[in-house]
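We did not get these values from a lab; they are worked out from the coordinates using the rules stated. This one's a predicted model, so the numbers in the text were calculated from it and none came from an experiment. Cβ atoms come from the backbone with ideal geometry, glycine included; neighbour counts cover every protein chain shown.
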């Protein structure tokens with residue numbers, strides 16, 4: 001691939017993204033990163049570790065960065081066990097750039113902060129049961145009820161956490 005091919009690809013990307021609003025651009029870029037994932041690409045566009053904190057999404061402001069899960073959790077101020085699981089899911093998938101995550105990982109993160117969820121599987125099931133679903137179950141390892149499950153946050157789940165961050169920041 002020549003430098004001219006690369007520049008042409010960038011022009012096409014810019015043309016495709018230009019008519020979109022900020023939120024749609026962010027979703028498109030997140031898809032590009034997940035589709036063509038490389039460490040360098042993820043670091044350069046800096047999508048992981050950020051949440052859309054702009055008021056209407058049109059201001060062009062840089063989203064707020066969260067150094068740790070504790071910072072994200074404090075900013076989102078989840079009120080219910082399901083919201084706690086949702087914020088932990090957001091950290092795992094968006095901030096840590098994981099394609100999927102297990103319930104135990106989320107519960108450990110929450111427990112380390114002192115915000116353990118009584119039954120993480122029930123909290124995730126409640127998120128799966130919302131319409132549209134905020135969390136998707138990708139697979140189940142084992143046949144028992146206690147089998148390990150693998151999850152992924154839906155786009156609506158990502159938007160819900162971003163809304164929590166924006167709303168709770170605006171109310172302070």
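Summary table
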quantity	calculated
Sequence of 110, 13, 86 once ranked by neighbouring C-beta atoms within 10 Å, starting from the fewest	13, 110, 86
Residue order, fewest to most beta carbons within 10 Å, for 108, 121, 80	80, 108, 121
Sites residue 24 and residue 140, calculated FRET efficiency, Cβ-Cβ separation with R0 41 Å, nearest 0.05	0.80
Potential extension, residue 152-residue 112 segment - 0.36 nm per residue separation minus Cα distance	12.2 nm
Ranked list, fewest to most other Cβ atoms within 10 Å of each Cβ, for 141, 100	141, 100
